[in-house]
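Reading through the structure tokens given below for one structure.
The values are calculated or read from the model by the stated rules, or taken from the named source; none is laboratory data. Here the structure is a predicted model, which is why all the values come from computation and not from measurement. All Cβ positions, glycine included, derive from the backbone under ideal geometry; neighbour counts span all protein chains shown.
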């Protein structure tokens, strides 16, 4: 029996420990924030927070996250509210197709949790491992800058 906390709710599952976290989140819990992209932890579309740190759900197993706190895009804010990073991405049009959006937002949240006012180089470094095939990198960068400003005020 595997036990983990997903978006604040303790979950138990009889699935094998080798089950990919991403498959469990999407198939069993019907959470569609994390996306399957490359399956190799290289694109970032499956990013979730594990104990507050950005992690790639496609390469983590249920055994890897046993007893740990997992937060998906759906768990960032209560009810119909949005996390300030989500709101900033909307205000700055930080997405085109939206496939990379989950990873960009979750990575930005992890960064801002660790360092509330990162400089431009730190933002670029944090996001450099998240791929956007549409080329919306400037809008994504501006979205993170907007989130920093909004969270400050």
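A few notes on this one:
- Scanning the stretch 116-136 for residues that are under 13 Å from residue 103 (Cβ atoms) and assigned to a helix (DSSP H, G or I) yields 126, 127.
- Those residues of the stretch 91-106 which are in contact (Cβ under 8 Å) with a residue 60 or more places away in the chain and surrounded by fewer than 23 Cβ atoms within 10 Å (Cβ to Cβ), in sequence order: 99
- Residue ID - surrounded by the fewest Cβ atoms within 10 Å (Cβ to Cβ), chosen from residues in the stretch 21-75 that are without any contact (Cβ under 8 Å) to a residue 24 or more places away in the chain and at positive phi: 30
- Hey, residue 88 crowded, with 17+ Cβ neighbours inside 10 Å and within 12 Å of the chain's Cα centre (by Cα) or not: no
- Some residue of the stretch 119-126 being farther than 20 Å from residue 30 by Cα, crowded, with 18+ Cβ neighbours inside 10 Å and outside the structural domain of residue 6 (by TED's automatic domain parsing): yes
- Search result, residues across the stretch 82-115 that are part of a loop (DSSP other than H, G, I, E, B) and within 17 Å of residue 53 (Cα to Cα): 83, 115
- Among residues of the stretch 1-14 that are at positive phi, those with a beta-carbon under 8 Å from a residue that is surrounded by 10 or more Cβ atoms within 10 Å (Cβ to Cβ) and not in a strand (DSSP E or B) at least six positions away or on a different chain give the pairs 7/31; 7/72; 7/74; 7/75; 8/75.
- Considering 122, 114, the condition of being over 17 Å from the mean Cα position of the chain (by Cα) and at pLDDT 95 or above is satisfied by 122 alone.
- Filtering 149, 136 for residues that are farther than 30 Å from residue 4 by Cα and at pLDDT 95 or above leaves a single hit, 149.
- Residue in the stretch 70-81 that is part of a loop (DSSP other than H, G, I, E, B), modelled with pLDDT of 95 or more and farther than 17 Å from residue 104 by Cα present: no
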